Amino acid sequence: MKKFICLVGLVLMVGCSDITDNKKTSQSTNDTSASAEAAKRKIIDEANKRAETKQSKENELPDDVSDIINLLESNFEDSATVSYDKTNQRFEMVISDSSFSETVKRAKNNDDFGKKEWSEFVEAFSGLSNTIAESSSNYSLSISESKAPYNILLLLENGKVTHDAVSYRNESSDSSNSEEKKSGPSIGESVLFTSDNERFELSIDSVSKVLSDDHYELTGAFFAKVDFTIKNLGSDPLSFTSHDLEFYDSDDFKSKMINKDYFGETIQPGKSIRGVAYFDVATDGSNYEVFFADNFWKGAY
């Protein structure tokens, strides 16, 4: 984990540099036709070249963006992949280093050493984000793990943290009578997920008990009905199914999903959809957790 702090320091020191014959014979008709065909092919070729040039220019990145990408790649080549989301003007780093994953895990489990290392990591990358802002404004920087690249752990803009999926899960008071530590987004709260090709918001809107069903045999204490909403913020269609969700009961046992009102849809860019998932819950407790990737919504009936 320490090497990330050192690498960021190196980036901060280096900075971001810019980087005819007209013969009236019986052959004339054939010659004219051949010339017309050649002209036609030339016009088509030129049109294709212009289209390719236009597409190439559209795909080109500004010099400052290319400079920053090259700088990040050169400093993190052994531990992270770097890409740029042109639509959202965001540099995206997906870290594959095992020490980083261990720090995230320990910090999420409220381990003091893990929290300290995560705090140092956030401080270092806030400085990196600030350096990017000084070189090129209106760009953000996201950090995620290779095992879940669509789940942003840290999002920064102009040196400021706008999303921290690690710290908000371990905020607690030192008092023994304090509120239970916050464990993630609240029911009804949307969470942003992103990857190279996908960007969407997911919210768990409500969870309710269903005691019986005419078509499905209940093997546990009750069915849990989970209502959710997805908004596709990307530029491509998004596929999502209810199997992407996990449900855990008050005893931390994973519940089996049933196919009642099974949700499997494709959502077009900029569009939203509501869905539902049902789970057969073994324990008749009041608390539950709904997971998607590393994020979970915690609530009570």
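For this structure, a couple of remarks:
- Scanning the stretch 225-281 for residues that are among the acidic types (D, E) and not in a loop (DSSP other than H, G, I, E, B), we see that the one that is farthest from the chain's Cα centre (by Cα) is D280.
- Filter result for I143 (more than 18 Å from E198 (Cα to Cα) and either among the hydrophobic types (A, V, I, L, M, F, W, C) or at pLDDT 80 or above (or both)): no
- When residues of the stretch 222-245 are limited to those that are surrounded by fewer than 16 Cβ atoms within 10 Å (Cβ to Cβ) and small (G, A, S), the one nearest to G270 (Cα to Cα): S235
- Flag if K298 is modelled with pLDDT under 90, farther than 30 Å from F91 by Cβ and not in a loop (DSSP other than H, G, I, E, B): yes
Rundown of residues vs (1) at pLDDT 90 or above; (2) of a type outside the set (K, R); (3) assigned to a loop (DSSP other than H, G, I, E, B); (4) within 18 Å of the chain's Cα centre (by Cα), yes/no style:
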{"site": "N151", "(1), (2), (3), (4)": "no, yes, no, yes"}
{"site": "L154", "(1), (2), (3), (4)": "no, yes, no, yes"}
{"site": "V161", "(1), (2), (3), (4)": "no, yes, no, yes"}
{"site": "S178", "(1), (2), (3), (4)": "no, yes, yes, no"}
{"site": "K181", "(1), (2), (3), (4)": "no, no, yes, no"}
{"site": "D196", "(1), (2), (3), (4)": "no, yes, yes, yes"}
{"site": "D205", "(1), (2), (3), (4)": "yes, yes, no, no"}
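- Of the criteria (1) crowded, with 16+ Cβ neighbours inside 10 Å; (2) touching a Phe, Trp or Tyr at 6+ places or on another chain (Cβ under 9 Å); (3) under 28 Å from L233 (Cα atoms), which one Q89 fails: (1)
- Where a residue in the stretch 203-218 is aliphatic (A, V, I, L, M) and its partner, wherever it lies, is assigned to a loop (DSSP other than H, G, I, E, B), with Cβ under 6 Å and at least six apart: I204/I187
- If the condition is being of a type in the set (G, A, S) and under 21 Å from E189 (Cβ atoms), then the stretch 231-249 contributes G234, S242.
The values are calculated or read from the model by the stated rules, or taken from the named source; none is laboratory data. Small disclaimer: the values here were computed from a predicted structure and weren't measured. Using ideal geometry, Cβ is built from the backbone for each residue, glycine included, and neighbour counts are taken over all protein chains shown.
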